[in-house]
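One structure below.
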Amino acid sequence: MKASDLFVKALEAEGVEYIFGIPGEENLDLLESLRHSSIKLILTRHEQGAGFMAATYGRLTGKVGVCLSTLGPGATNLVTPAAYAQLGAMPMMVITGQKPIKTSKQGRFQVIDVVDMMRPITKYTAQVVSGDRIPSVVREAFRIAHEERPGAVHIELPEDIAAEQTSAPLISPTQGRRPIAEYKAINRAVEMIEQATSPVLLIGAGANRKLTAKMLREFVDKTGIPFITTQMGKGVLNETDKLFMGNTALSDGDFVHRAIRRADLIINVGHDVVEKPPFFMEQNGQQVIHINFDSAAVDPVYFPQLEVVGDIANSIWQIKEKITPQQGWKLDFYCDVHDAYVAHRSESEDDDRFPVLPERFVRDIRKAMPDDGIVTLDNGVYKIWFARNYPAFAPNTLLLDNALATMGAGLPSAMAAKLVYPNRAVLTVCGDGGFMMNSQEMETAVRLNLHIVVIILRDDAYGMIKWKQAHMNFDNFGLDYGNPDFVKYAESYGAKGWRVDSTEGLLGLVQKCLNEPAVHLIDCPVDYSLNDQTLNKTIKELSQEL
């Protein structure tokens, strides 16, 4: 058969449902093969949008999301999504085209070394040099993308290779079993937890994969040990739980950091070095148990005393089965932390000032969203407020990026979430800066008849950098800009545009949009002027509050 047909059959064998992307002339054989396949091509308006959609598909499903581009500039536009998936541990495959590699009459026109370009930001990158190699290259790429730690892979399929004939047989996917932790490590972890005075559980990004939530829920229910999450660990356990101490949204000084400093043992589950460390280890007697798929990357501030390496869910289950809750654990302080955290979090939630304050905005979005609704965030200062103030009730219901932390991913992520979960409410929050980086995907969302709500927090500036500029005593310079009329902009794509003109009207408008199937865009002015005041209070005054 034609090599491109074999390539597509290999993708079908791996369970690929969608390919997101923009084909070029170098992909035409592949495009024709896709036309006759079960795979749905989602044509986007920019390769970045395609890559973010593929990465989010991988994040939500655990399967490898696939995106496609042509050579040269199309391929370079997938660099940021590849880095996004790689740092965020999202299984994703990037497929790029290339000029013929056996004979070419166009010299170096549009030709760059895409394979080498992708090497530093992927787990695997390869050029297909023969149709006979397709089955093994595709199988290896999927295997590597999916295995822990998940990430991005890249395959380049040159134009002449795609068109040649091959009789190579497919290589069927196989399901591997992740290794489990050694029993001695499990037993030692049980001993350390039982001997601790004030243990605390820290849930990181790695625990937000592979259905670890069920085992962690059983562990917390049995032991009563309080828990804290990193930003990408949000929602692994229901954050309305009285044992939830908060999220590590700030770098230091928040309620969670007070709780961590009080603990004599930190059970660190799914630690990922891409996230800002929520604590620095010191030689002060505080101990750390590292429970993860992989061993710890030791550095000057992280050198755990015990490593439990293996499938996380199995490790937690084994520890839970063997542990005996101790009467001597001193956990009352954590109850005080929880109560102080909830009280502080709600201080400005009823403030009707307009433009809307971040705390009030987050509260209203939480009120509007159903328990299983999905909120995706672009990148901006509001991400801190959502991480800190938005209780997530289930895994992957608040999708934020605390790894690459790129702007422009919020809208494509919401689109992918709606494709994966068509019956769940999906809403994305973008700053005006981040939204405009991939706003053209509004047309894609309308064309796909997606019911999503896009909220733009408008401050007419790159607000997070402007806030930090002021916080570091620099003069205001170089960060303000103008915006289009976002209501008319939405309507020009065939979407519905709305404008918030009072804080009291925000909640009702969001609820209306969630209930009416369409692509909705809401222009919401936001006031970040209290960021410094509120967050400084968090850092400076918590010791008195506790």
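The values are calculated or read from the model by the stated rules, or taken from the named source; none is laboratory data. All of these numbers come straight from a predicted model, not from anything done at the bench. Virtual Cβ from ideal backbone geometry, glycine too; neighbours counted across all protein chains shown.
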Can you find, within the range 455-488, the residue that is surrounded by the fewest Cβ atoms within 10 Å (Cβ to Cβ) among those that are farther than 21 Å from residue 379 by Cα and in contact with a Gly (Cβ under 8 Å, 6 or more places away or on another chain)?
488
Can you tell which of 423, 402 is outside any helix (DSSP H, G or I) and either surrounded by fewer than 20 Cβ atoms within 10 Å (Cβ to Cβ) or of a type in the set (D, E, K, R) (or both)?
423
Selection status of residue 295, in a helix (DSSP H, G or I) and small (Gly, Ala, Ser)
no
Of all the residues that make up the range 336-379, how many are β-branched (Val, Ile, Thr), closer than 19 Å to residue 506 by Cβ and part of a helix (DSSP H, G or I)?
2
Of the numbered conditions (1) among the polar types (S, T, N, Q); (2) more than 25 Å from the chain's Cα centre (by Cα); (3) at pLDDT 95 or above, residue 106 fails exactly one; give the number of that condition.
(3)
Tell me, yes or no, whether the range 242-252 has at least one residue that is over 21 Å from the mean Cα position of the chain (by Cα) and hydroxyl-bearing (Ser, Thr, Tyr).
no
Of all residues being among the hydrophobic types (A, V, I, L, M, F, W, C) and in a helix (DSSP H, G or I) in the range 426-438, which is surrounded by the fewest Cβ atoms within 10 Å (Cβ to Cβ)? Just the residue, please.
436
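Out of the range 380-399, which residues are in contact with a Lys or Arg (Cβ under 6 Å, 6 or more places away or on another chain) and either in a strand (DSSP E or B) or of a type in the set (Asp, Glu) (or both)? Outline the logic, then answer.
Within the range 380-399, the first condition is being in contact with a Lys or Arg (Cβ under 6 Å, 6 or more places away or on another chain), and the residues that meet it are 389-390, 392, 398.
The one that is in contact with a Lys or Arg (Cβ under 6 Å, 6 or more places away or on another chain) and either in a strand (DSSP E or B) or of a type in the set (Asp, Glu) (or both): 398.
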If residue 101 satisfies all but one of (1) surrounded by fewer than 20 Cβ atoms within 10 Å (Cβ to Cβ); (2) aliphatic (A, V, I, L, M); (3) touching a residue at least 60 places away in the same chain (Cβ under 8 Å); (4) part of a helix (DSSP H, G or I), what's the number of the condition it fails?
(4)
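If only one of 155, 144 is β-branched (Val, Ile, Thr), assigned to a helix (DSSP H, G or I) and not assigned by TED's automatic domain parsing to the domain that holds residue 242, which one is it?
Within the list 155, 144, the selection yields 144.
Residues being assigned to a loop (DSSP other than H, G, I, E, B) and among the aromatic types (Phe, Trp, Tyr): count how many of those fall in the range 298-320.
The total comes to 1.
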Hey, could you check the range 159-204 for residues that are within 31 Å of the chain's Cα centre (by Cα) and assigned to a helix (DSSP H, G or I) and say which is surrounded by the fewest Cβ atoms within 10 Å (Cβ to Cβ)?
185
Restricting to the range 286-303, and then to whatever is within 21 Å of residue 148 (Cα to Cα) and in contact with a Pro (Cβ under 6 Å, 6 or more places away or on another chain), can you tell me which residue is surrounded by the fewest Cβ atoms within 10 Å (Cβ to Cβ)?
296
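Just to be sure, is residue 179 in contact with a helix residue (DSSP H, G or I) (Cβ under 6 Å, 6 or more places away or on another chain) and closer than 20 Å to residue 315 by Cα? Even if it seems obvious, please write down each step before you answer.
On the way: in contact with a helix residue (DSSP H, G or I) (Cβ under 6 Å, 6 or more places away or on another chain): no; closer than 20 Å to residue 315 by Cα: yes.
For residue 179, the condition - in contact with a helix residue (DSSP H, G or I) (Cβ under 6 Å, 6 or more places away or on another chain) and closer than 20 Å to residue 315 by Cα - is not met.
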Out of the residues in the range 282-320 meeting the condition of being in contact with a Lys or Arg (Cβ under 9 Å, 6 or more places away or on another chain) and acidic (Asp, Glu), tell me which one is farthest from residue 262 (Cα to Cα).
311
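Looking only at the range 321-335, filter to residues that are part of a loop (DSSP other than H, G, I, E, B) and not charged (D, E, K, R); which one of those is nearest to residue 189 (Cα to Cα)? Break it down stepwise before answering.
Our first condition is that a residue be part of a loop (DSSP other than H, G, I, E, B); within the range 321-335, this holds for 323-331.
From what is left, the residues that are not charged (D, E, K, R) are 323-329, 331.
On the way: 323: 9, 324: 12, 325: 13, 326: 14, 327: 18, 328: 17, 329: 16, 331: 19 Å.
The residue in question is 323.
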Do we have residue 42 as under 30 Å from the mean Cα position of the chain (by Cα), part of a strand (DSSP E or B) and under 14 Å from residue 142 (Cβ atoms) here?
no
Looking for whichever is charged (D, E, K, R), at pLDDT 95 or above, under 22 Å from residue 121 (Cα atoms) and out of contact with any Phe, Trp or Tyr (no Cβ under 7 Å at 6 or more places or on another chain) here; the options are 59, 35. Which one fits?
59
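In the range 17-33, how many are of a type in the set (A, V, I, L, M) and either crowded, with 22+ Cβ neighbours inside 10 Å or assigned to a strand (DSSP E or B) (or both)?
Of the residues in the range 17-33, the ones of a type in the set (A, V, I, L, M) are 19, 22, 28, 30-31.
If we keep only those that are either crowded, with 22+ Cβ neighbours inside 10 Å or assigned to a strand (DSSP E or B) (or both) too, we end up with 19, 30.
The total comes to 2.
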Looking at the range 384-438 only, could you name the residues that are among the small types (Gly, Ala, Ser) and under 27 Å from residue 254 (Cβ atoms)?
387, 392, 394, 403, 405, 409, 410, 413, 431, 433, 434
Can you work out which of the residues in the range 247-288 that are among the charged types (D, E, K, R) and touching a helix residue (DSSP H, G or I) at 6+ places or on another chain (Cβ under 9 Å) is nearest to residue 304 (Cα to Cα)?
272
